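Below is one structure, written out as structure tokens; the observations come after it.
The values are calculated or read from the model by the stated rules, or taken from the named source; none is laboratory data. Everything numeric in this text was worked out from a predicted model, so none of it was measured. Cβ sites come from the backbone with ideal geometry, for glycine too, and all protein chains shown count toward neighbours. The protein model used for the area step is the full one, side chains on, heavy atoms only, and it has no ligands, DNA or RNA in it. Shrake-Rupley method; radii C 1.70, N 1.55, O 1.52, S 1.80 Å.
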Amino acid sequence: MINKRFKTIGLLICLFVSLTVSAQKYAFTHDDTLRGSITPERIWWDLAYYHLQVKLNPADSAISGSTTIRYRVLQPKQMMQVDLQRPLKIQKIVQDGRELTFRQDGNAWFVTLQKPQVTGKTESLEVFYEGQPKKAKRAPWDGGFVWRRDKAGQWFIATACQGLGASAWWPCKDHMYDEPDSMLISVTVPKGLTDVSNGRLRRVTEHNDGTHTFDWFVGNPINNYGVNLNVGDYIHWSDTLQGEKGRLTMDFYALREHEDSARRQFQQAKPMLKAFEHWFGPYPFYEDGYKLVETPYLGMEHQSSVTYGNRFRNGYLGKDLSGTGFGLLWDFIIIHESGHEWFANNITYKDVADMWVHESFTNYSENLYTEYYYGKDAGAAYVTGCRALIRNDRPIVGIYNVNHSGSGDMYYKGGNLLHTIRQIINNDVKWRAILRGMNKTFYHQTVDGKQIEKYISQQSGINLQKVFDQYLRDTRIPTLEYKVVGNKLQYRWANCVSGFDMPLQVCLNASGPNQRLMPTTQWQTLEKTGVKSLTSDSDYYVYVKQVK
């Protein structure tokens, strides 16, 4: 997902945050707990498969359909939680031909199963629903359905629901910890329009009522918010990449009126995939292919169906977020949202409190893409240039079990955390192996943030726990305090978590020499003649302060 913060409103945001969030007090609702926790009515069953069938009626912005939920019984319980957000309503729920009773509790629906649920068995039920789903006010940040028209008057429709939740438009188990092994998505739209969803197109079925149905099959696990539909008067072309796992199909969809611009801009997809396979390992969804799809909003990391609305311009809507010029050498949405195929869709957080696992690594992927094509110094300049966007308003890690994400600093500060860790490890071969190893070790898995932290520490051979605590769970920027006493240089970490012990590369005096220090929160002494000043390597996200 894209960070919605713009430089022009940064001061207002910081003022608002300082007045309202500094106390770190939040009021959570019963709905938040039902959505954000692994409730007793969720934990006893394991998702195996979804078949989502949905029919769109653009004339009144209504939808109707059903979700077939196939699941494995882990414990013999009889009450199941299914999620569907208001104002949509469940009409009926059927298992083995028998209608079931259910009750609504906000956006959660509790189903009483009549058939005994036997541990180890695979069962299924079908949930029928209809209504007018929430309209997105400013997708993708304020999500829901987007109903627009193109210049020719044809409908241009899409969904985006990260944060809001997939249950805003279809019945599902709306918690990130559990994913189906595969999914069939069947979308019925008026003739003359094309639906593009996740996975591969299996068939198009024509109907006598002026509609047709597009069946898309996803052969890999998929998270709920990664499921999408995109409907418009699309033109389609394709390409292939000879990647690390062989031949990867690439499909592109754009509005007919934008064909020339899209064909030009979407050429960036292939070099992007090449760069990211270098850094992160094979594209995680060869079976489902890679698609880039124009949408009526800025963009989103929908799995194997990356959505795009960046106006066919380089940068972020034509702007360089880093202020260095390097951000104008490539299209932000193509690079960032596609980077999420590795960090969000392959490695997926279990709880949105750990959203940094998605956004910090994907922000950092922008740096790595820049480095791959323009050199290491260019990549470093890009990521450090983005520090101007960091707010340090609240911790990056959110609050667990209530559907609460942390600070938007998970993007730029998170990227700089990873860039700093790269300097600590000080071995680019090992660093690349860690990034690739993560995508192999946690392939198609949901994780919590601690697993990622532990993996990086173990693979680097360095205990980085205090570094993660400092940058993920604290808002302060660690400051290296130093003083010169005669021929002695004294230094320590301040403005930091207890026990902070991050190594730091410094430059003594303006012209050197360079030296690697091992500071702690206690004063340490270096016998060094002629030292008058000290600066840190700019690749570390720290402050340096001379004290008396």
Subset of the range 148-200 [assigned to a loop (DSSP other than H, G, I, E, B) and over 22 Å from P58 (Cα atoms)]: Q162, G163, K173, D174, H175, M176, Y177, D178, E179, P180, D181, G199
Total residues in the range 333-387, condition closer than 20 Å to R473 by Cβ, open to solvent by 10 Å² or more (accessible area, probe 1.4 Å) and without any contact (Cβ under 8 Å) to a residue 60 or more places away in the chain: 1
Among the candidates A275, A262, residue that is touching an Asp or Glu at 6+ places or on another chain (Cβ under 8 Å) and hydrophobic (A, V, I, L, M, F, W, C): A262
Residues that are touching a residue at least 12 places away in the same chain (Cβ under 8 Å), part of a helix (DSSP H, G or I) and open to solvent by 40 Å² or more (accessible area, probe 1.4 Å), drawn from the range 429-447: K430, R432, A433, R436, K440, T441
Among residues of the range 375-400, those that are in contact with a Phe, Trp or Tyr (Cβ under 9 Å, 6 or more places away or on another chain) and on the phi > 0 side of the Ramachandran plot, counted: 0
G199 vs. criteria under 26 Å from I2 (Cβ atoms) and at pLDDT 95 or above: yes
Test result for V497, outside any strand (DSSP E or B), among the β-branched types (V, I, T), free of Cβ contacts under 8 Å to residues at least 40 places away in the same chain and under 20 Å from S536 (Cβ atoms): yes
Selection status of Q465, of a type in the set (S, T, N, Q), open to solvent by 10 Å² or more (accessible area, probe 1.4 Å), under 30 Å from K532 (Cα atoms) and modelled with pLDDT of 95 or more: no
Contacts under 7 angstrom Cβ, first residue in the range 317-328 being on the phi > 0 side of the Ramachandran plot, partner of a type in the set (A, V, I, L, M) and open to solvent by 40 Å² or more (accessible area, probe 1.4 Å), 6 or more apart: G323/A388
Odd one out for W155 among (1) open to solvent by 10 Å² or more (accessible area, probe 1.4 Å); (2) free of Cβ contacts under 8 Å to residues at least 40 places away in the same chain: (2)
The range 134-147, subset outside any strand (DSSP E or B) and open to solvent by 10 Å² or more (accessible area, probe 1.4 Å), residue nearest to T446 (Cα to Cα): W141
Test: residue in the range 448-464 that is in contact with a strand residue (DSSP E or B) (Cβ under 8 Å, 6 or more places away or on another chain), within 27 Å of H175 (Cα to Cα) and in a loop (DSSP other than H, G, I, E, B): yes
Search result, residues across the range 97-131 that are assigned to a loop (DSSP other than H, G, I, E, B) and out of contact with any Leu (no Cβ under 8 Å at 6 or more places or on another chain): G97, K115, P116, Q117, V118, G120, K121
Residues (crowded, with 20+ Cβ neighbours inside 10 Å and in contact with a helix residue (DSSP H, G or I) (Cβ under 9 Å, 6 or more places away or on another chain)) located in the range 181-192: V189
Residue match in the range 321-332 (condition: farther than 22 Å from P282 by Cβ, touching an Asp or Glu at 6+ places or on another chain (Cβ under 7 Å), part of a loop (DSSP other than H, G, I, E, B) and open to solvent by 20 Å² or more (accessible area, probe 1.4 Å)): no
Residues satisfying the stated conditions in the range 58-116, i.e. over 30 Å from P190 (Cβ atoms), open to solvent by 10 Å² or more (accessible area, probe 1.4 Å) and small (G, A, S): G97, G106
Count of residues meeting criterion [in contact with a Lys or Arg (Cβ under 7 Å, 6 or more places away or on another chain), surrounded by 18 or more Cβ atoms within 10 Å (Cβ to Cβ) and either outside any loop (DSSP other than H, G, I, E, B) or among the aliphatic types (A, V, I, L, M) (or both)] in the range 282-320: 1
Hits in the range 48-57 - residues which are over 17 Å from D195 (Cα atoms) and either surrounded by fewer than 21 Cβ atoms within 10 Å (Cβ to Cβ) or at pLDDT below 95 (or both): A48, Y49
Listing of strands (runs of 3 or more DSSP E) fully contained in the range 202-246 that carry 3 or more residues being more than 26 Å from N57 (Cα to Cα) and open to solvent by 40 Å² or more (accessible area, probe 1.4 Å): 234-243
Some residue of the range 478-490 being surrounded by 15 or more Cβ atoms within 10 Å (Cβ to Cβ) and closer than 22 Å to A353 by Cβ: no
Pairs with Cβ under 6 Å, 6+ apart, first in the range 470-483 and farther than 12 Å from F500 by Cα, second small (G, A, S) and open to solvent by 10 Å² or more (accessible area, probe 1.4 Å): E481/A494
Lone unmet requirement of (1) buried (at least 18 other Cβ atoms within 10 Å of the Cβ); (2) farther than 29 Å from K245 by Cβ; (3) touching a helix residue (DSSP H, G or I) at 6+ places or on another chain (Cβ under 8 Å); (4) in contact (Cβ under 8 Å) with a residue 60 or more places away in the chain for W279: (2)
Matching residues, the range 104-123, being under 29 Å from G163 (Cβ atoms) and small (G, A, S): G106, A108
